[in-house]
Amino acid sequence: MELTGRQERILEIVKNEGPITGEQIAEHLSLTRATLRPDLAILTMVGFLGARPRVGYYYTGKTGTEVPMEQIKELKIKEYQSIPVVVGESDSVYDAISAMFLEDVGTLFVVDESSHLAGVLSRKDLLRASIGNQDLESMPVSIIMTRMPNITVCKKDDLLIEVASHLIERQIDAIPVVNEKENNRYEVVGRVTKTTMTKVLVHLIHSELPQGGKRS
Ligand code: ADP
């Protein structure tokens, strides 16, 4: 964000003299308190200044180091993906429900005997199977899962913003991160969910970009 000359001067004053009241800042600049009010509001809102009743304004140490928009657009999946939870396609619906609770995830990925992506199980897929009063222990997940090739996948170098758009457009909660193998088969290496996107938002607002490596 671009600061005006006056806002820069206010920051300097608070940096040197803070905590300092709005009245005193106005005196330094030979302006009225009312004139300064919008500048102080902006500087407080963007986090450059803190304000405490009966104490005044203080410098928060933040400079203009917000993550620039260009950098946000370039964020990649690999920096934020989390660990996938997978079940086998012959596992029972009962076991899948147990795995969902034990692993504390909302979406399971299903793999075949050669560990390639075969399907996806959402919470509602499992709920739907459960309300029919069927024998969940003998029903394999392959009967109820959404199966390949109808699975939306992403790769670790895909842009986060594009994958976020897929979550919205396709109305799904999670997307597996895959490595493409021979014959259009995929190895599941990660998971991106709506929670991932919420975490990214919080990181960005705290101006914390990951320094590489995996984030949960
Ligand atoms: P819920 O069904 O619990 O609301 P979702 O919105 O994620 O959860 O899933 C909606 C449907 O889309 C489910 O039938 C699920 O199997 C399917 N689904 C979930 N994720 C994917 C994906 N990545 N690709 C294709 N289909 C998916």
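Structural remarks
- Selection status of Asp104, without any contact (Cβ under 8 Å) to a residue 24 or more places away in the chain, closer than 17 Å to Asp173 by Cα and buried (at least 16 other Cβ atoms within 10 Å of the Cβ): no
- Unmet requirement for Lys199, which otherwise passes all of (1) away from the ligand (no atom under 12 Å from the Cβ); (2) of a type in the set (Lys, Arg); (3) surrounded by 21 or more Cβ atoms within 10 Å (Cβ to Cβ): (3)
- Evaluation of Pro84 against (1) more than 12 Å from the ligand (Cβ to nearest atom); (2) under 21 Å from Val177 (Cβ atoms); (3) not small (Gly, Ala, Ser) (one fails), failing number: (1)
- Among the candidates Ser90, Ser122, residue that is more than 26 Å from the chain's Cα centre (by Cα), polar (S, T, N, Q) and either surrounded by fewer than 17 Cβ atoms within 10 Å (Cβ to Cβ) or under 17 Å from Asp173 (Cα atoms) (or both): Ser90
- Count - residues of the stretch 153-209 that are at positive phi and not small (Gly, Ala, Ser): 3
- Selection status of Val188, closer than 26 Å to Ile97 by Cβ, within 16 Å of the ligand (Cβ to nearest atom) and in contact (Cβ under 8 Å) with a residue 60 or more places away in the chain: yes
- Qualifying residue in the stretch 87-99 (condition: out of contact with any Ser or Thr (no Cβ under 8 Å at 6 or more places or on another chain), within 21 Å of Val178 (Cα to Cα) and not hydrophobic (A, V, I, L, M, F, W, C)): yes
- One residue from Ile168, Ile175, Ile143 being crowded, with 19+ Cβ neighbours inside 10 Å and either modelled with pLDDT of 95 or more or within 9 Å of the ligand (Cβ to nearest atom) (or both): Ile175
- The stretch 146-165, residues that are surrounded by 11 or more Cβ atoms within 10 Å (Cβ to Cβ) and more than 15 Å from the ligand (Cβ to nearest atom): Lys156, Leu159, Leu160, Ile161
- Any pair with Cβ under 8 angstrom, 6 or more apart, that starts in the stretch 196-213 at a residue that is closer than 11 Å to Tyr80 by Cβ and ends at one that is of a type in the set (Phe, Trp, Tyr) and at pLDDT 55 or above: Thr196/Tyr80; Lys199/Tyr80; Val200/Tyr80; Pro210/Tyr80
The values are calculated or read from the model by the stated rules, or taken from the named source; none is laboratory data. As the structure is a prediction and not an experimental result, all values here were calculated from the model. Quick reminder, even Gly has a Cβ in these numbers, built from the backbone with ideal geometry, and neighbours come from all protein chains shown.
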